Amino acid sequence: MKGRFITIEGIEGVGKTTNIQFIQDWLTTNKIEFISTREPGGTELGEQLRNLLLHGGHVSNNAELLMMFAARAQHLDEVIKPAIESGKWVICDRFTDSTYAYQGGGRQMDVATISQLEALVHGAFQPHMTLLLDAPVEIGRARAAKRGAADRIEAEDLAFFNRVRDMFLNRAKQAERFQIVDATQDLSSVQQQIQVCLQTLLESPQ
Ligand SMILES: Nc1ncnc2c1ncn2[C@@H]1O[C@H](COP(=O)(O)OP(=O)(O)OP(=O)(O)O)[C@@H](O)[C@H]1O
Ligand SMILES: [Mg+2]
């Protein structure tokens, strides 16, 4: 039996990384084999690109978009698809919805171009479930601020992140794989919502 592909999306500081820990614990309890990975990154090439993307100097919009998809192509080939084929679940901190949200929404790049690159890199291959952790930008920022210095993308302004959030929410309305999680709630309520989603996925036919 093939594994499942779950992606976790949302703006900075909404709790993606925190809740991935919870998902890992849930999978372990349920004796489900999994790997946990992140984008951009997840491979040696991808992590090098991540470093250039987040901590390098000026990167043009097109270069940024292509680097995101270059990292993703490698990640799919080397890590994500082989794991799913071998029956493991894959938990991924951000995926293509983040590209639509940040480059399409935030940077206002042409969404049709992003869609063409998506078709090139992963065609019909989509996550089985995408958890969109949603909260107002101010809440995410306040939580993330506790964590230290902002990276190149985190340094954008409020309007940028509001466009990012809006694009995530728009996309969530368009595909059934999305589950919107109210991330303004306290952590235990957020995790209750996530647990219901995981249980539903576990019980759904492949
Ligand atoms: N529901 C919650 N209520 C209060 N604090 C939370 C909640 N969820 C996460 N946090 C806290 O908010 C901070 C940011 O969380 P986390 O790093 O998981 O966010 P993230 O979505 O992974 O951010 P980034 O996109 O920057 O990686 C952490 O200090 C975490 O403990
Ligand atoms: Mg994180």
Original post:
Which residues' amide hydrogens lie under 5 Å from the amide hydrogen of Glu154, considering only partners 5 or more residues apart or on another chain, with H built in the peptide plane?
Top reply: none
**OP:** Using +1 at the Cβ of each Lys and Arg and -1 at the Cβ of each Asp and Glu in segment 1-149, identify which of Gly13, Gly123, Tyr100 lies farthest towards the dipole's positive end.
**Re:** Gly13
Original post:
Given a 1.4 Å probe and the protein chains all in place, what does the accessible area of Leu66 round to, in Å² to the nearest 10?
Top reply: 100
Subject >> Built amide H within the under 5 Å cut-off of Phe34, gap 5+ >> reply: Trp89
Subject >> Geometric extent, Cα atoms of segment 97-206 - Rg, Dmax (angstrom) >> reply: 15.5, 43
Original post:
How large is ³J(HN,Hα) for each residue in segment 89-106, as worked out from phi by the Karplus curve 6.51 cos²θ - 1.76 cosθ + 1.60 (θ = phi - 60°), to whole Hz, x for Gly and Pro?
Top reply: 7, 10, 10, 10, 6, 6, 7, 4, 4, 5, 5, 4, 5, 7, 7, x, x, x
Original post:
Expressed as a whole percentage, what fraction of the accessible surface of segment 109-165 belongs to carbon and sulfur atoms when a 1.4 Å probe is rolled over the protein heavy atoms?
Top reply: 57
Subject >> ³J(HN,Hα), Karplus 6.51/-1.76/1.60, whole Hz, each residue of segment 122-139, x for Gly, Pro >> reply: 9, x, 7, 6, 10, x, 6, 8, 10, 8, 9, 7, 10, 7, x, 4, 4, 5
**OP:** Using the charge dipole of the chain (Lys, Arg: +1 at Cβ; Asp, Glu: -1 at Cβ; taken about the Cα centre), state which of Ile114, Ser189, Ala144 has its Cα farthest towards the positive end.
**Re:** Ser189
Subject >> In nm, spacing of pseudo-spin labels at Asp151 and Thr113 (7 Å Cα→C-beta vector) >> reply: 2.2
Original post:
Can you give the FRET efficiency for Ser60 and Gln185, using 1/(1 + (r/R0)^6), R0 = 45 Å, r = Cβ-Cβ distance, to the nearest 0.05?
Top reply: 0.70
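Using a 1.4 Å probe and counting only protein heavy atoms, arrange Leu133, Leu202 so the residue with the most accessible area comes first. Don't skip to the answer; put the middle values down first.
Details: Leu133 0, Leu202 65 Å².
Accessible-area ranking of Leu133, Leu202, largest first: Leu202, Leu133.
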**OP:** For segment 70-84, just list the computed ³J(HN,Hα) in residue order, Karplus coefficients 6.51, -1.76 and 1.60, θ = phi - 60°, integers in Hz, with x standing in for Gly and Pro.
**Re:** 5, 4, 5, 4, 5, 4, 5, 5, 8, 10, 5, 5, x, 5, 5
Subject >> segment 1-60 and segment 156-206: distance between their alpha carbon centers, rounded to Å >> reply: 15
Original post:
Dipole magnitude of segment 5-203 about its Cα centre, charges +1 at Lys/Arg Cβ and -1 at Asp/Glu Cβ only, in debye to the nearest 20?
Top reply: 140
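Would you calculate, for the chain, the mean residue ellipticity at 222 nm contributed by helices, counting each DSSP H stretch of 4 or more residues as -39,500 (n - 2.57) and dividing by all residues, to the nearest 500? Don't skip to the end; give the middle numbers.
Numbers: 9 runs with 105 residues, N = 206.
Value at 222 nm, helices only: -15500 deg cm²/dmol.
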Original post:
What residues have an amide H closer than 5 Å to that of Thr130, excluding those fewer than 5 places away on the same chain, when H is modeled at 1.01 Å from N in the peptide plane?
Top reply: Thr7, Phe178, Gln179
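Report, in listed order, any pair from Lys16/Lys81; Lys16/Lys88; Lys31/Lys81; Lys81/Lys146; Lys88/Lys173 with a Cα-Cα distance greater than 26 Å.
Values: Lys16/Lys81 22 Å; Lys16/Lys88 20 Å; Lys31/Lys81 21 Å; Lys81/Lys146 35 Å; Lys88/Lys173 28 Å.
Too far apart for the 26 Å limit: Lys81/Lys146; Lys88/Lys173.
Percentage of Cα-Cα pair distances in the chain greater than 22 Å, rounded to whole percent? Walk me through the intermediate numbers first.
Values: 9913 of 21115 pairs.
It works out to 47 percent of all Cα pairs.
The values are calculated or read from the model by the stated rules, or taken from the named source; none is laboratory data. Note that the coordinates shown come from a computational prediction; the quantities given were computed from them, not determined experimentally. Backbone-built Cβ (ideal geometry, glycine too); neighbour counts: all protein chains shown. Accessible surface is based on the protein model in full, side chains and every heavy atom, while ligands, DNA and RNA are left aside. Shrake-Rupley method; radii C 1.70, N 1.55, O 1.52, S 1.80 Å.
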